[in-house]
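Input: a single structure, listed below in structure tokens.
The values are calculated or read from the model by the stated rules, or taken from the named source; none is laboratory data. Here the structure is a predicted model, which is why all the values come from computation and not from measurement. Reconstructed Cβ throughout: ideal geometry from the backbone, glycine too, with neighbour counts over all protein chains shown. Heads up: the accessible areas ignore ligands, DNA and RNA and are worked out on the full protein's heavy atoms, side chains in. Shrake-Rupley method; radii C 1.70, N 1.55, O 1.52, S 1.80 Å.
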Amino acid sequence: MAAAKAERDKWRAALRKADADGEKAISHCRLRLAQIFGARFNAQWGAAGFRENSTMVPEVQDLRLKLLNSLHHYFTQHPAHQSTDMGATSDICLSAHAALSNARSGVNHASVGLRSAVKDKVKALKALRKRMRGLIHELHVLMADNDVRWRRFGLRLPSRIAVPEPVKQV
């Protein structure tokens, strides 16, 4: 289970990095398109993939993923609007989209693996408890309640009454 947690954590770190890189790519594209379209939202911004009458970088990861894909298609259709110097190209948007998409898939896959490992652990513990209860029941049949061999199994003597600790101060 520790390996499954480590795998999920590795993918989560990759997702955070890919998301930050995607956000940076969108910012660069936004600056490049502002030179062409102007700073205020208009129909051209919408055609490039920006929605909600805003040129802001989306705050939600799903929307950033969609915008990266839209920007990739936009720059493919309008190669004159690309700028390698500004980091606003179709290839950059495509690679950022792919990295973010792959990291999200990795997190989902690792989370499924972790859930499976937890289910296996719970199942194994349930089987262990059942076997331990069977062992204790068998020991009750084979040994007397005051037999000291109970302690060899890590159990206390069944005949011994549990006495609470004395009260030290009232």
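Rounded to the nearest 20 debye, the dipole magnitude of the chain is 1180 debye, with +1 charges on Lys and Arg beta carbons, -1 on Asp and Glu beta carbons, and the Cα centre as origin. In this label model, V167 and D62 are separated by 5.9 nm, measuring between points 7 Å along each Cα→Cβ vector.
Projected onto planes of every orientation and averaged, the convex hull of the alpha-carbon atoms in the range 45-101 covers 3.8 nm². Calculation over all alpha carbon pairs of the range 34-168 in 5 angstrom steps from 0 returns a P(r) of 2, 8, 11, 11, 9, 6, 5, 5, 4, 4, 4, 4, 5, 5, 6, 6, 4, 2, 0 percent. Close Lys pairs in the chain (alpha-carbon distance under 16 Å; sequence gap of 8 or more, or different chains): 4. With R₀ set to 41 Å, the beta-carbon distance separating K17 from R129 gives a calculated FRET efficiency near 0.45. Here the Debye sum runs over all C-alpha atoms of the range 1-63 as equal scatterers in vacuum, and log10 of I(q)/I(0) at q = 0.25, 0.26 Å⁻¹ comes out as -1.02, -1.07.
Electrostatic tally near T84: other residues with Cβ closer than 14 Å to its Cβ, Lys and Arg +1, Asp and Glu -1, net -1.
When a 1.4 Å probe is rolled over the protein heavy atoms, the share of accessible surface on the chain that falls to carbon and sulfur comes to 55 percent. Close amide H pairs (under 5 Å, H built 1.01 Å from N) link A88 with S83, residues at least 5 positions away or on another chain. Per-residue ellipticity at 222 nm, computed for the chain from helices alone with -39500 (n - 2.57) per DSSP H run of at least four residues, works out to -23500 deg cm²/dmol. Per-residue SASA remark: R149, around 100 Å² accessible (1.4 Å probe; ligands, DNA and RNA not included). Listed peptides 133-145, 77-89 appear in the order 77-89, 133-145 once ranked by packing, highest mean of other Cβ atoms within 10 Å at the front.
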